[in-house]
Amino acid sequence: MNPTERVNEPVVSPSLLASEPIDVVDNLRDIVLGQLQTIDCQQLQLLGDVALEAGKSYKLDLHLPFAAAECPSIHLGADCSWRRPTADGRVLTGLIISDISPQAREQIQQLMDRLAAPAD
């Protein structure tokens, strides 16, 4: 399976992320690109109003509504793999994570664990 196919696979339920939206911010331009839809340590998807350029690299900050690993955001680099418009005029974008620190990897794992935990 190539990375472009893999990024299409859902990783976590978007409904879980809807309860605690996570903004994805372009670190260099300091603008919100959209909200996180799915994530694992290799890829992420976001839904937003900004159309990212396929093939371009981005430095991203994921602003967490809660502290994961005692840090309010996850910093990583990602390459835009694909994008497609949605029926409501927004853009769904798939990115391949290309630059990730051990701390960011741990934060993503903690985020995935938190999202996978049953609601009380």
Please state which one of 54, 87 is without any contact (Cβ under 8 Å) to a residue 12 or more places away in the chain and over 13 Å from residue 34 (Cα atoms).
87
Residue check, residue 65 against (1) touching a helix residue (DSSP H, G or I) at 6+ places or on another chain (Cβ under 9 Å); (2) under 17 Å from residue 115 (Cβ atoms), all met but one. Which one?
(1)
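Confirm whether residue 52 is part of a loop (DSSP other than H, G, I, E, B) and open to solvent by less than 20 Å² (accessible area, probe 1.4 Å). Give the steps one after another, and end with the answer.
Details: part of a loop (DSSP other than H, G, I, E, B): yes; open to solvent by less than 20 Å² (accessible area, probe 1.4 Å): yes.
Considered against the rule, which asks whether it is part of a loop (DSSP other than H, G, I, E, B) and open to solvent by less than 20 Å² (accessible area, probe 1.4 Å), residue 52 comes out as yes.
Being touching a Gly at 6+ places or on another chain (Cβ under 8 Å) and either of a type in the set (D, E, K, R) or more than 12 Å from residue 42 (Cα to Cα) (or both) is the filter here, so list the residues in segment 82-120 that pass it.
So the first thing to find is which residues in segment 82-120 are touching a Gly at 6+ places or on another chain (Cβ under 8 Å), and the list is 82-83, 90-91, 93, 97-100.
Of everything in segment 82-120, those that are touching a Gly at 6+ places or on another chain (Cβ under 8 Å) and either of a type in the set (D, E, K, R) or more than 12 Å from residue 42 (Cα to Cα) (or both) turn out to be 82, 83, 90, 91, 93, 99.
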Return yes when residue 94 is buried (at least 19 other Cβ atoms within 10 Å of the Cβ) and outside any loop (DSSP other than H, G, I, E, B) and no when it is not.
yes
Evaluate the following for residue 76: is it at pLDDT below 95, within 13 Å of the chain's Cα centre (by Cα) and open to solvent by less than 80 Å² (accessible area, probe 1.4 Å)?
no
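The values are calculated or read from the model by the stated rules, or taken from the named source; none is laboratory data. Predicted model, so just to flag it, every value in this text is computed and none were measured. Glycine also receives a Cβ, built like all others from the backbone with ideal geometry; neighbour counts cover every protein chain displayed. The area values use the complete protein model at the heavy-atom level, side chains included, leaving out ligands, DNA and RNA. Shrake-Rupley method; radii C 1.70, N 1.55, O 1.52, S 1.80 Å.
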